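Structure, as structure tokens:
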Amino acid sequence: MVAGAAATSAIAACSGQSSSEPRPAASESTQNAEVSVAATTTPNQQETSASTGVGGQSTTSAEATRATEVAAPEPTRIQTQAAAPVSTAEPTRRTATETTAVPAQVKLVPLSEGEKTLASRWNSIGWKTEFSKKTIDLNEVRSGGPPRDGIPPIRDPRFVSIEEGNDVFDDLEPVVAFEVNGEARAYPLQILTWHEIVNDEVGGEPVLVTFCPLCNTALSFSREVDGQILNFGTSGNLRASNLIMWNRETESWWQQVTGESIAGEMAGTRLTFLPSAIVSWGGGL
């Protein structure tokens with residue numbers, strides 16, 4: 001089985017990285033199958049709803065309700081039902097082009113003396129980030145261990161067939177399912193765990209698919225901000241154990257879980273969220 005019963009085309013192999021990159025300790029076939037699935041049709045997405053029953057109604061109240069229903073003349077009930085409008089409009093599909101990144105009402109936080117020391121240290125190791133523009137306390141930032149892009153983002157995913165994916169994944173393989181403008185893809189968590197960020201183009205839209213292994217947060221965004229297409233990488237830093245991304249054009253820092261730029265020239269800008277979900281390869285959407 002594959003992710004999405006309607007899937008008819010294929011899988012994107014997450015490649016374009018150097019041979020020195022870390023790989024999962026798995027079988028040779030698994031190591032060589034860095035893939036994410038693409039489908040030409042839109043998967044069926046199901047929404048879950050819940051209702052709560054209210055008990056404790058007295059017998060008298062229940063009988064009164066039934067008596068009211070019986071007392072209402074049949075023609076009156078029919079007219080009331082007929083008056084309810086029936087919508088025949090087609091559902092509106094939300095695409096990435098319908099929204100743009102929204103600069104928040106930026107509330108910049110002045111640098112404290114301690115933060116100036118931090119900013120100076122980061123600048124000394126090559127960051128060109130304008131740390132004087134920020135929305136957080138920089139003391140909340142912690143090193144995650146690897147240096148900038150030490151966890152290499154994927155910039156050029158290539159595509160293989162669904163059948164090849166079936167040779168690698170079992171039905172319970174978790175993937176990030178994502179769709180824009182009728183084009184659907186799935187990005188395996190076993191690949192995202194080692195790369196965390198995929199700069200991709202889906203349905204003609206520049207998109208960003210991200211995964212923070214520490215938080216188990218799989219989030220997708222549009223990479224277009226005010227007409228500019230951004231390219232993202234991993235900063236090597238964390239805030240509240242959550243991935244801090246950076247974009248190459250301005251070297252601004254971005255919080256993965258909120259999609260907000262927290263430091264740099266673009267501080268306060270929020271990326272546009274795009275719907276995605278973690279599902280099983282066999283279960284689909």
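The values are calculated or read from the model by the stated rules, or taken from the named source; none is laboratory data. Note that the structure is predicted; figures quoted are calculated from it, not measured. Please note: Cβ atoms are built from the backbone with ideal geometry, for glycine as well, and neighbour counts cover all protein chains shown.
The residue pairs whose first member lies in the stretch 109-124 and is part of a helix (DSSP H, G or I), whose second member is at pLDDT below 95, and whose beta carbons are closer than 7 Å, counting only pairs six or more residues apart or on different chains, are Ala119/Leu111. Pairs meeting the criteria (first residue in the stretch 256-285 and assigned to a strand (DSSP E or B), second residue modelled with pLDDT under 95 and aromatic (Phe, Trp, Tyr), beta carbons under 8 Å, at least 6 apart or on different chains) are Leu274/Phe178; Ser276/Phe178.
Based on this model, can you work out whether Leu172 counts as of a type in the set (A, V, I, L, M, F, W, C), assigned to a loop (DSSP other than H, G, I, E, B), under 29 Å from Gly282 (Cα atoms) and touching a strand residue (DSSP E or B) at 6+ places or on another chain (Cβ under 6 Å)?
Here the answer is yes, as Leu172 does meet what is asked.
Every residue in the stretch 151-163 that is more than 24 Å from Glu205 (Cβ to Cβ) and either surrounded by 16 or more Cβ atoms within 10 Å (Cβ to Cβ) or touching a Leu at 6+ places or on another chain (Cβ under 8 Å) (or both), please. Explain how you work it out, then say what you get.
Quick first cut of the stretch 151-163, residues more than 24 Å from Glu205 (Cβ to Cβ) only: 151, 163.
Within the stretch 151-163, Ile151 is the sole residue that qualifies.
Apart from one condition, Glu251 fits all of (1) farther than 20 Å from Glu140 by Cβ; (2) touching a residue at least 24 places away in the same chain (Cβ under 8 Å); (3) outside any strand (DSSP E or B); the exception is (1).
Checking each residue in the stretch 184-205 for being touching a residue at least 24 places away in the same chain (Cβ under 8 Å), part of a strand (DSSP E or B) and surrounded by fewer than 20 Cβ atoms within 10 Å (Cβ to Cβ) picks out only Glu205.
Residue under question is Pro146, and the condition is that it be in a loop (DSSP other than H, G, I, E, B) and either small (Gly, Ala, Ser) or more than 13 Å from the chain's Cα centre (by Cα) (or both); does it hold? Lay out the reasoning, then the answer.
On the way: in a loop (DSSP other than H, G, I, E, B): yes; either small (Gly, Ala, Ser) or more than 13 Å from the chain's Cα centre (by Cα) (or both): yes.
In short, yes.
Checking Glu260, Glu249 one by one, the residue that is crowded, with 18+ Cβ neighbours inside 10 Å and under 19 Å from Trp127 (Cβ atoms) is Glu260 and no other.
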